[in-house]
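J.: Attaching a single structure in structure tokens format; questions to follow.
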Amino acid sequence: MLFRGWGDATDGPWPDVATVVDHVGVGHLVVTRHALVRQVLADPATFRPDNALDAVTPIPVAALRVLAGHRFRLPPTLANNSGASHPEIRGIVADALHPDRVAAQRPWLTGLVRERVARLRAALDAGVPVDLYAGLAADLPLLVLARLVELPDAPVGAVKEFARAALELFWAPLDEHRQRALAAEVGRFHRVLRAFAATGGGLAARLRAAGHSPDVVVGALFFLLVAGQETTSQFLTLLLHRLAGEPEVRAGLRDGSVSVADVVEEGLRLEPPIVTWRRVAAVDTTLGGTAVPAGTSVVLWLARAGRDPAVVPQPAAFAPGQRGSRRHLAFGAGAHRCVGAQLARLEAAVVVAEAAPLLDGVRVVRPPWCPDNLTFRMPDAFVVAPEERRRA
Ligand code: HEM
């Protein structure tokens with residue numbers, strides 16, 4: 001389960017907590033129940049976030065040298081920061097993503113998505129298969145983020161490659177050769193971030209003005225560029241794929257009996273792009289009756305918590321608006337709860353409203369393929385083609 005925490009694995013029988021040994025022999029306490037996952041997230045003194053960005057495959061000296069060559073450093077800033085600086089750094093990032101600023105993006109975003117949907121529709125009408133990941137979802141969140149947060153002037157493709165390399169380097173089972181290649185990719189972009197952190201405006205300038213070191217500014221930008229866009233493009237792709245197999249939900253969207261917001265929440269519950277998130281036990285403690293020694297890596301199975309029958313009556317069904325649907329933990333909870341939740345929801349709502357009709361009259365040619373990863377789904381493509389009768 002550890003590296004494929006979605007699909008079939010999410011529905012099989014599991015104890016409330018279970019020790020699972022990973023590919024390098026490290027044991028992790030996997031937490032499968034909604035109430036226990038919440039309990040851990042709500043108690044940062046007992047379960048600290050310090051290990052959130054630790055590499056699950058230890059980085060070998062050769063790859064560390066590559067990173068050091070780029071002067072790569074990642075001090076605790078946001079997700080892995082249990083220190084006193086966290087609330088202030090989080091506050092500055094949250095200001096940049098203030099709900100009013102996010103809501104103001106809706107008209108622009110709707111226009112952009114409409115343009116893309118029209119192009120995709122024209123291709124389908126001409127009988128040409130389209131990739132809804134590449135053609136719609138992949139760069140959309142980055143384009144929105146760039147309107148909210150001043151970012152280095154780097155090509156979209158370079159940011160995407162860096163972000164995906166980072167997700168692989170820190171959360172995938174890897175061999176040394178691959179780690180070296182990923183370290184080079186991540187290190188190269190880290191240099192770009194470091195240069196920008198020293199002189200950039202907006203969020204970078206506000207962090208500097210608040211007295212945070214250049215490393216902290218880089219760390220915040222690093223995490224935002226990974227968490228703030230890659231996760232959402234993964235979610236948009238997974239949600240569209242799920243909707244392709246839910247004709248009744250699409251019919252409900254068409255006739256107004258199903259709301260877009262409910263579809264987004266049910267999507268987050270059943271298709272979270274982040275399937276697990278980690279904490280580390282700070283002291284000897286117990287969880288669900290199991291002893292947890294200090295230092296234990298605790299893997300919170302967010303995808304499974306969303307399907308807990310104690311929370312939703314139909315755990316595996318895509319039933320927008322069902323009782324408990326919104327109680328998913330896709331955005332975490334507590335002091336580190338996702339600051340971008342509002343933004344991710346807006347993006348998903350616009351995409352569902354504008355793009356779901358594209359899924360009528362198509363067949364799936366290539367479902368998203370997701371590589372082994374402890375935490376992120378990372379779909380690579382989602383190709384649909386017109387159904388036969390549409391082409392006739
Ligand atoms: C569907 C998309 C997204 C999902 C599923 C998601 C999920 C998560 C999760 C599970 C966490 C850890 C929460 C915890 O430890 O309790 C998190 C943290 C975070 N996310 Fe998101 N996220 C998404 C989109 C975004 C976006 C769009 C942004 C910003 C533009 C963002 C920025 C952050 C930041 C800054 C944190 C760290 C917060 C802190 O430690 O205080 N995320 N996210």
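The values are calculated or read from the model by the stated rules, or taken from the named source; none is laboratory data. Only a predicted model underlies this, so the values are computations on that prediction, with no experimental measurement involved. Every residue, glycine as well, gets a Cβ built from its backbone with ideal geometry; the counts of neighbours run over all protein chains shown. Just the protein is used for accessible areas: all its heavy atoms, side chains included, with ligands, DNA and RNA removed. Shrake-Rupley method; radii C 1.70, N 1.55, O 1.52, S 1.80 Å.
J.: With +1 assigned to the C-beta of every Lys and Arg and -1 to the C-beta of every Asp and Glu, and no other charges, what is the dipole magnitude of the chain about the Cα centre in debye, to the nearest 20?
T.: With only Lys, Arg, Asp and Glu charged at Cβ, the dipole is about 480 debye.
J.: Okay, moving on. Using the Cα centre of segment 236-293 as the reference point, and only Cβ charges (+1 on K/R, -1 on D/E), how large is the resulting charge dipole? Debye, rounded to the nearest 20.
T.: For this selection, approximately 220 debye.
J.: Looking only at 183, 227, 104, which one moves most when the chain is put into a Gaussian network model with springs between Cα atoms under 10 Å?
T.: Between 183, 227, 104, it is 104 that shows the largest mean-square fluctuation.
J.: While we're here: Once the whole set of protein chains is in place, how much accessible area is left on residue 16, using a 1.4 Å probe, in Å² to the nearest 10?
T.: Probe radius 1.4 Å; accessible area of residue 16 about 70 Å².
J.: Normalised by the number of residues in the chain, what is the relative contact order in percent for Cα pairs under 8 Å and 6+ residues apart?
T.: That works out to 28 percent.
J.: What distance in nm separates the simple spin-label points at residue 43 and residue 254, each placed 7 Å from Cα in the Cβ direction?
T.: Output for this residue pair reads 5.0 nm.
J.: While we're on this one: What residues have an amide H closer than 5 Å to that of residue 387, excluding those fewer than 5 places away on the same chain, when H is modeled at 1.01 Å from N in the peptide plane?
T.: Hits under the 5 Å cutoff: 362, 363.
J.: Please report the net charge: other residues with Cβ closer than 15 Å to the Cβ of residue 206, K and R +1, D and E -1.
T.: 0
J.: With every protein chain left in place, what is the accessible area of residue 382 in Å² (1.4 Å probe, nearest 10)?
T.: 0 Å²
J.: Ok, one more. Work out from phi, with θ = phi - 60° and the Karplus expression 6.51 cos²θ - 1.76 cosθ + 1.60, the ³J(HN,Hα) of each residue of segment 62-72, listed in order in whole Hz, and give x for Gly and Pro.
T.: These are the phi-based 3J(HN,Hα) values: 4, 6, 4, 5, 4, 5, 4, x, 9, 6, 6 Hz.
J.: Further question: Rounded to the nearest 500 deg cm²/dmol, what is the calculated helix-only ellipticity per residue at 222 nm for the chain, with -39500 (n - 2.57) per DSSP H run of length n ≥ 4?
T.: After summing the helix terms and dividing by residue count, I get -14500 deg cm²/dmol.
J.: Please list 14, 369 from largest to smallest accessible area, probe radius 1.4 Å, with all protein chains kept in place. Walk me through the numbers before you get to the answer.
T.: On the way: 14 70, 369 140 Å².
Descending order: 369, 14.
J.: For segment 286-382, give the percent of accessible area contributed by carbon and sulfur heavy atoms, probe 1.4 Å, rounded to a whole number.
T.: Carbon and sulfur atoms account for 54 percent of the accessible area of segment 286-382.
J.: Now, a different point. Shape of segment 10-70 from its Cα gyration tensor (a ≥ b ≥ c, root eigenvalues): rounded if a/c is under 1.5, otherwise prolate when a/b > b/c, or oblate?
T.: Judged from the Cα gyration tensor, segment 10-70 comes out oblate (a/c at least 1.5, b/c at or above a/b).
J.: Residues of segment 1-26 with amide nitrogen under 13 Å from the 7 Å Cα-to-Cβ point of residue 291?
T.: none
J.: Using alpha carbon centroids, what distance separates segment 157-192 and segment 3-63, in Å?
T.: Between the Cα centres of segment 157-192 and segment 3-63 lies a distance of 22 Å.
J.: Take 70, 190 and sort them by solvent-accessible surface of the protein heavy atoms, 1.4 Å probe, largest at the top.
T.: Correct descending sequence by accessible area is 70, 190.
J.: So what J values fall out for segment 354-369 if you push phi through Karplus, 6.51 cos²θ - 1.76 cosθ + 1.60 with θ = phi - 60°, rounded to Hz, Gly and Pro as x?
T.: 8, 9, 4, x, 4, 7, 6, x, 10, 10, 7, 8, 9, x, x, 9
J.: What number comes out for accessible area per residue over the chain if the probe is 1.4 Å? Units Å², please.
T.: 40 Å²
J.: Moving on. Does segment 226-308 come out rounded, prolate or oblate, given a ≥ b ≥ c as the square roots of the eigenvalues of its C-alpha gyration tensor, rounded meaning a/c under 1.5 and, failing that, prolate meaning a/b above b/c?
T.: It comes out prolate by the Cα gyration axes.
J.: Between segment 214-293 and segment 66-132, how far is it from one alpha carbon centroid to the other, in angstrom?
T.: Centre-to-centre (Cα) distance: 13 Å.
J.: If amide H atoms are built 1.01 Å from N in the plane of the peptide, which residues on other chains or at least 5 residues away come under 5 Å of the amide H of residue 287?
T.: 292
J.: Taking only C-alpha pairs under 8 Å that are 6+ residues apart, what is the relative contact order of segment 267-392 in percent?
T.: It rounds to 23 percent for segment 267-392.
J.: A further question on this structure: Need one number: convex hull volume per residue for segment 1-158, Cα atoms only, in Å³. Kindly include the intermediate steps, with their values, before the conclusion.
T.: On the way: hull volume 35.0 nm³, N = 158.
Normalising the Cα hull of segment 1-158 by residue number yields 222 Å³.
J.: Show the residues, 5+ positions off or on another chain, whose built amide H is closer than 5 Å to the amide H of residue 30.
T.: Distant-sequence amide H within range of residue 30: 18, 19, 20, 299.
J.: While we're looking at this one, here's another question. Counting only other residues whose beta carbon sits under 9 Å from that of residue 325, what net charge do I get with K and R as +1, D and E as -1?
T.: So the environment of residue 325 carries a net charge of +1.
J.: Quick one: accessible surface of residue 286, probe radius 1.4 Å, all protein chains present, in square angstrom to the nearest 10.
T.: The value for residue 286 is about 90 Å².
J.: Which order do 125, 50 take when ranked by solvent-accessible area (1.4 Å probe, heavy atoms of all protein chains), largest first?
T.: Listed by decreasing accessible area, they come as 125, 50.
J.: P(r) for the chain: what percent of alpha-carbon pairs falls in each 10 Å bin, starting at zero?
T.: 5, 22, 33, 27, 12, 2, 0
J.: Can you classify segment 124-232 as rounded, prolate or oblate using the Cα gyration tensor, where a ≥ b ≥ c are the square roots of its eigenvalues, rounded means a/c under 1.5, and otherwise it's prolate if a/b beats b/c and oblate if not?
T.: Oblate shape, in that a/c is at least 1.5 and b/c is the bigger or equal ratio.
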